[in-house]
Amino acid sequence: PGRYSFTYLTAMYTTSASHALGGEFMGEAGNFYDGWNLQFVNHIAGIKGLLTLSTKTSFSAFIQYNTAISKFVTNIRLRWNPREGNDFYIVYNEGLNSNIRREVPYLPYSIGRTVLLKYTYTFRLQKH
């Protein structure tokens, strides 16, 4: 019981999202009870891509790896635009453990998988 105060410094650097390759870096350091705490909390690497097959069809993918939890996350999406204001998507998401032996009992290789069909319709309200 009692009051405790800690002093720490956080520094962050983020690259521009307009570039093909980017990142965000963060670190913390400071006192903690009777010692020091120095952290570089997590490393996340990702890659994304977009392939436009035509004016009506595109394919995009995003793959990310998180070192703190040893997992890959994927998102793959196919978009079809039959006419202006209408979009149909087929989306595939999956999470994968890259270190299944980090816990006992061992973790499953796949942590979840989703296939999603999505249709959007944009309409315009007109004033009379």
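The values are calculated or read from the model by the stated rules, or taken from the named source; none is laboratory data. Computed from a predicted model, the values in this text were never measured in an experiment. Here the Cβ positions follow ideal geometry from the backbone for every residue, glycine too, while neighbour counts run over all protein chains shown. All accessible areas refer to the heavy atoms of the entire protein, side chains included, with ligands and DNA or RNA removed. Shrake-Rupley method; radii C 1.70, N 1.55, O 1.52, S 1.80 Å.
Values for this structure:
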| item | result |
| --- | --- |
| Checklist (1) touching a residue at least 12 places away in the same chain (Cβ under 8 Å); (2) within 24 Å of Ser18 (Cβ to Cβ) applied to Arg102, failing item | (2) |
| Positions within region 1-14 being open to solvent by 70 Å² or more (accessible area, probe 1.4 Å) and modelled with pLDDT of 75 or more, in sequence order | Arg3, Tyr4, Ser5, Phe6, Thr7, Tyr8, Leu9, Met12, Tyr13, Thr14 |
| All positions within region 20-58 that are open to solvent by 100 Å² or more (accessible area, probe 1.4 Å) and either among the polar types (S, T, N, Q) or assigned to a loop (DSSP other than H, G, I, E, B) (or both) | Ala20, Leu21, Tyr33, Asp34, Phe40, His43, Leu53, Thr55 |
| Residue list for region 59-101, filter: closer than 26 Å to Glu24 by Cα and either exposed (fewer than 13 other Cβ atoms within 10 Å of the Cβ) or of a type in the set (S, T, N, Q) (or both) | Ser60, Gln64, Asn66, Thr67, Ala68, Ser70, Thr74, Asn75, Asn93, Asn97, Ser98, Asn99 |
| Ala17, sole failed condition from (1) open to solvent by 90 Å² or more (accessible area, probe 1.4 Å); (2) more than 18 Å from the chain's Cα centre (by Cα); (3) free of Cβ contacts under 8 Å to residues at least 24 places away in the same chain | (2) |
| Residue count, region 105-122 (criterion: part of a loop (DSSP other than H, G, I, E, B) and either over 13 Å from Asp87 (Cβ atoms) or open to solvent by less than 80 Å² (accessible area, probe 1.4 Å) (or both)) | 5 |
